[in-house]
Amino acid sequence: MNEVMVNFWEKSLDMLTQSEWEKLCDGCGQCCMQKFEDEDTGEILHTRIACRLFDDGRCACRDYEHRLLRVPECLDMRTFQVEHYAWLPETCAYRLRFEGKPLFAWHPLLSGGRESVQEAGISMRGQTVSEDDVPEKEWLNYSL
Ligand code: SF4
Ligand code: SF4
């Protein structure tokens with residue numbers, strides 16, 4: 001009997017090694033933006049106001065290793081509960097896999113490079129404003 005090979009990103013999230021888990025991230029940076037929940041509808045409003053540790057030029061965290069200590073609101077996705085996934089963008093690889101959906105063709109694991117994320121208009125690179133530079137009451141002015 002032949003063994004069927006399954007790409008790691010097609011396995012369920014709880015089957016992934018830590019290394020595979022990290023590779024699943026498409027690096028879009030969208031989860032590092034401030035967001036709001038509409039109390040009436042439950043709708044999540046995404047903004048381009050970036051966490052203070054977000055590096056806009058690299059589209060990455062400045063201190064990923066220590067992020068959970070430095071930014072209390074930054075959650076370890078491996079500990080996510082069901083309700084947390086709704087806070088992620090619909091294009092997020094973790095949300096897609098959590099929902100049993102395939103990755104988009106622009107995902108670096110399929111395209112072979114990170115530029116496809118930028119080309120698909122998914123990356124936050126070059127579009128963000130730091131939360132340190134805008135008063136919180138104005139954050140909704142930067143909705144996506
Ligand atoms: S939204 Fe998802 S895929 Fe994009 S950077 Fe955040 S964790 Fe990675
Ligand atoms: S601490 Fe880093 S990973 Fe967490 S939200 Fe901020 S920039 Fe993103």
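The values are calculated or read from the model by the stated rules, or taken from the named source; none is laboratory data. Predicted model only: the values in this text are computed from it and were never measured. Note: ideal-geometry Cβ built from the backbone for every residue, glycine included; neighbour counts use all protein chains shown. Each accessible area value is taken on the protein alone, full model and side chains, heavy atoms only, with ligands, DNA and RNA left out. Shrake-Rupley method; radii C 1.70, N 1.55, O 1.52, S 1.80 Å.
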Matching residues in the range 4-24 - criterion: being away from ligand 1 (no atom under 16 Å from the Cβ) and either within 17 Å of Ser130 (Cβ to Cβ) or not in a helix (DSSP H, G or I) (or both): Val4, Met5, Val6, Asn7, Lys11, Ser12, Thr17
Which condition does Glu65 not pass, out of (1) surrounded by fewer than 16 Cβ atoms within 10 Å (Cβ to Cβ); (2) in a loop (DSSP other than H, G, I, E, B); (3) of a type outside the set (Gly, Ala, Ser), if it passes all the others? (2)
Are any of the residues in the range 132-139 within 17 Å of Trp21 (Cβ to Cβ) and open to solvent by less than 40 Å² (accessible area, probe 1.4 Å)? no
List the residue pairs whose Cβ atoms are under 7 Å apart, where the first residue sits in the range 23-38 and is open to solvent by 50 Å² or more (accessible area, probe 1.4 Å), the second is assigned to a helix (DSSP H, G or I) and of a type in the set (Lys, Arg), and the two are 6 or more positions apart or on different chains. none
Members of the range 59-105 that are within 11 Å of ligand 2 (Cβ to nearest atom), of a type in the set (D, E, K, R) and within 23 Å of Glu37 (Cβ to Cβ): Arg67, Glu73, Asp76
List the number of the failed condition for Asp56; all other conditions in (1) within 13 Å of ligand 2 (Cβ to nearest atom); (2) acidic (Asp, Glu); (3) modelled with pLDDT under 95 hold. (3)
For the range 100-139: of the residues being out of contact with any helix residue (DSSP H, G or I) (no Cβ under 6 Å at 6 or more places or on another chain) and among the aromatic types (Phe, Trp, Tyr), which is nearest to Arg52 (Cα to Cα)? Trp139
Subset tally (residues that are in a helix (DSSP H, G or I), surrounded by 11 or more Cβ atoms within 10 Å (Cβ to Cβ) and either at pLDDT below 95 or not charged (D, E, K, R) (or both)) for the range 68-103: 11
Which members of the range 113-139 meet the condition of being among the charged types (D, E, K, R) and in a loop (DSSP other than H, G, I, E, B)? Arg114, Arg125
Subset of the range 25-49, residues away from ligand 1 (no atom under 12 Å from the Cβ) and within 13 Å of Gln127 (Cβ to Cβ), comes to Thr47, Arg48, Ile49
